[in-house]
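Chemist: My questions all concern the structure below.
Every number here is computed from the coordinates shown, using simple stated rules; none is lab data. These numbers were taken from a predicted model, which means no experiment stands behind them. Here Cβ is always computed from backbone atoms with ideal geometry, including for glycine, and neighbour counts include all displayed protein chains.
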Amino acid sequence: MSNGNWYETENWYAPLKRTAPEKPKEPVRDTLPEQEEKKSRKTFWVATIALVCAFALLLGLCMPAILRLRESGTLVEAAETEEGKTPSTPRPTRNPGGSQDKPATPSTEEPDMPDDRDAFFDSYYQDVDTSAAQVNIEQGTLPQGFTLQAVPAKGRTLSLQELYEKCAPSIVAISGYTDGQAGYNWGTGVILSSDGLILTNTHVIDACDRATVTLFDDREFEATLIGADTISDVAVLKIDATGLTPAEFGDSANLRVGDPVAAIGNPLGDSFRCTLTDGIISAISRDISYKGRSMILLQTNTALNEGNSGGALFNMHGQVVGITNMKMMSSYSSIEGIGFAIPSATAVEVVNSIVRYGEVRGRPSIGITVGAIPPEAMEKYQLPSGLYITDVLESSDAWKQGVRPGDVLLEVNHIPVSTTTEVNEIKNQYGVGDTLHFTIWRNGETMEVDVLLMDTNDLYYPG
């Protein structure tokens, strides 16, 4: 995915794929005489040293050009989304030091922009993937009387050794299988109840028709599906087991930047099951884009790798404060210590809806797709500051009220908006059935409309 920056967030958003190892080949005996063997070794080392020297010389010659390219600014910020849009191609108009929300200083070079405004925005933004995850695992019976709750932290903080001893039994390994394909998806899960409710990421079991859960004590169970939510990336499975150790959930709203945290998960396959890593909370409420959608996540420098998806991020009281699901990566530069987790406050809310209805209900949506407007586009197309509307669902009330692609959203409830975060902060104060007041710009004129908030499932996943 391209999020408009030189980095990407998709490194292990897809689950780790595991395949059966090949059988080891029989060792071949060395039949060289001793003198020839020594000569062969000498030739090998001479060739190796020569290659290293040649590579060092080439790197020295190329490094100035590489640095000039990096400094010239071929990077682009991520535009934000309500049902989100992100720039689809890098443009030489952004400063790598610029923030996600505020446009950095434009390049002095005149960008090659078409006269057709719609053509520019069609190419500038990445399409939003509104398709639902296809999870074909056998459906289980909705549990009765279960509610997940975040509880206040009590007692002293734990050492890492104490935390691992307390929390590791609540972490499981998830294997998702797709009929007709070799190998399997590999991820992590968190025990929610003593009778076998398991939380994991939806992307771990996407496209799978069966899944197994392996407990801390190596027992393995076939899983059924309670529900999987694509937007939040939270899924709930059920296994036929009793006497399990459920994890305790804390409130992510109490976290502060710098708080110590630890993750337990299953990176890189079965050999590294139940790995403990630690770090801090690096940032709160990061607006991260995946496939054009906006996710509000915790940022941590705790080491996370493929297979950690669906695992727990713990505070030092041994409470789950996040569900690890994403990390930053780059195809040509090393990035370390930038991982993300779904806040426990989000996970608790989603889980409780899934176990009650089998899906998430009551999540308000406007039904429009918007993106931040780059400064050069404002100037060329004479656009006001706001959010460019690139799509409107015809099933939404926004469409009914006359909102159309090509409009610019200026204000929500009389508050100026230029980022998705600002729109979401306003929208999240209301529920399905409430209305928002929009100020819309269209071809030099403004209009005022009241838009009804609708259930996301009704808009995007009807039936």
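Chemist: Just to check I understand the Karplus step: with θ = phi - 60° and J = 6.51 cos²θ - 1.76 cosθ + 1.60, what whole-Hz values come out for region 215-227, glycine and proline as x?
Modeler: Residue by residue, region 215-227 yields 7, 4, 8, 6, 6, 10, 10, 6, 10, 10, 9, 8, x Hz.
Chemist: Region 287-333 to region 167-182: how many Å between their Cα centroids?
Modeler: Cα centres, region 287-333 to region 167-182: 18 Å.
Chemist: Obtain the nm distance between the two label points defined at Val257 and Glu162 by a simple spin-label model: each point lies 7 Å from its Cα along the Cα-to-C-beta direction.
Modeler: Result: 2.9 nm between the two label points.
Chemist: Obtain the nm distance between the two label points defined at Trp399 and Asp240 by a simple spin-label model: each point lies 7 Å from its Cα along the Cα-to-C-beta direction.
Modeler: With each label placed 7 Å out from Cα toward Cβ, I get 4.5 nm.
Chemist: What does the convex hull of the Cα atoms of region 189-238 come to per residue, in Å³, rounded to a whole number?
Modeler: Hull volume over Cα atoms, normalised by residue count, gives 71 Å³.
Chemist: Oh, and also: Between Tyr430 and Asp112, 0.36 nm times their residue separation minus their Cα-Cα distance comes to what?
Modeler: 110.3 nm
Chemist: Each residue of region 335-341 in turn: what ³J(HN,Hα) in whole Hz from Karplus with 6.51, -1.76, 1.60 and θ = phi - 60°, glycine and Pro shown as x?
Modeler: These are the phi-based 3J(HN,Hα) values: 10, 10, x, 10, x, 9, 9 Hz.
Chemist: Further, regarding this structure: Note down the nm distance, to one decimal, between modelled labels 7 Å out along Cα→Cβ at Arg219 and at Tyr177.
Modeler: With each label point 7 Å from Cα toward Cβ, the separation is 2.0 nm.
Chemist: With a sphere of radius 10 Å drawn around the Cβ of Ala133, what net charge do the other residues whose Cβ falls strictly inside it have (Lys, Arg +1; Asp, Glu -1)?
Modeler: -3
Chemist: Right, something else. Of Lys166/Lys238; Lys327/Lys380; Lys380/Lys427, which pairs sit farther than 28 Å apart, going by alpha carbon to alpha carbon?
Modeler: Lys327/Lys380; Lys380/Lys427
Chemist: Based only on Cα atoms, what Rg/Rh ratio does region 364-460 have, Rh being taken as Kirkwood's radius?
Modeler: So for region 364-460, dividing Rg by the Kirkwood Rh gives 0.95.
Chemist: Let me ask you something else. Given 0.36 nm per residue, what is the gain on full extension from Met378 to Gln139 after removing their alpha carbon distance, in nm?
Modeler: 81.1 nm
Chemist: Per q in 0.13, 0.20, 0.22, 0.27 1/Å, what log10 I(q)/I(0) does a Debye calculation on the alpha-carbon atoms of region 391-448 return?
Modeler: So the normalised log intensities are -0.33, -0.80, -0.98, -1.35.
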